[in-house]
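Please read the structure below before turning to the comments.
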Amino acid sequence: MRRLSDNEISVALASLVHWEYDHGGLARAAPREYGDVEATAARVAGADRDHVSTSTTSAGRVLRVASPREGGVTVVDVDLAVRIEQELTGGPALAR
């Protein structure tokens, strides 16, 4: 799988709600009211769960999606971010 260019990542992020490019991956804050976001992200990711990592901040959790083998963001990660967003919010992940 090919790593996306900075321009391709920018294009993807223009339509993703709540996500940004941070530390070589797509990142999204997940407030505490979203519950167990780590389990949700792992379930949504399935076989690609090695693409998802989480960290804790004072405001809640931060989800990060990246392809470890490629060392950055791939189209798989963009799709995964869309599916995680839909699961967390119960609605569309893309801005209109």
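The values are calculated or read from the model by the stated rules, or taken from the named source; none is laboratory data. Everything numeric in this text was worked out from a predicted model, so none of it was measured. Backbone-built Cβ (ideal geometry, glycine too); neighbour counts: all protein chains shown.
Summary of values
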| quantity | calculated |
| --- | --- |
| Selection from region 54-72 of residues that are of a type in the set (S, T, N, Q) and modelled with pLDDT of 95 or more | Ser67 |
| Answer residue from region 11-45, given it is at pLDDT below 95 and of a type in the set (Ser, Thr, Tyr) and is farthest from the chain's Cα centre (by Cα) among those | Tyr34 |
| Region 46-66, residues that are of a type in the set (Ser, Thr, Tyr) and more than 11 Å from the chain's Cα centre (by Cα) | Ser55, Thr56, Thr57, Ser58 |
| Matching option when the condition is in a helix (DSSP H, G or I) and among the basic types (Lys, Arg), among Arg2, Arg83, Arg61, Arg69 | Arg83 |
| Single condition Leu88 does not satisfy, out of (1) hydrophobic (A, V, I, L, M, F, W, C); (2) surrounded by 19 or more Cβ atoms within 10 Å (Cβ to Cβ); (3) at pLDDT 95 or above | (3) |
| Members of region 56-73 found to be under 13 Å from Met1 (Cβ atoms) and surrounded by fewer than 21 Cβ atoms within 10 Å (Cβ to Cβ), listed by number | Pro68, Arg69, Glu70, Gly71, Gly72 |
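Condition check ((1) out of contact with any helix residue (DSSP H, G or I) (no Cβ under 9 Å at 6 or more places or on another chain); (2) surrounded by 19 or more Cβ atoms within 10 Å (Cβ to Cβ); (3) of a type in the set (A, V, I, L, M); (4) in a strand (DSSP E or B)) across all residues:
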| residue | (1), (2), (3), (4) |
| --- | --- |
| Ala14 | yes, no, yes, no |
| Leu26 | no, yes, yes, yes |
| Glu33 | yes, no, no, no |
| Ala42 | no, no, yes, no |
| Thr54 | no, no, no, yes |
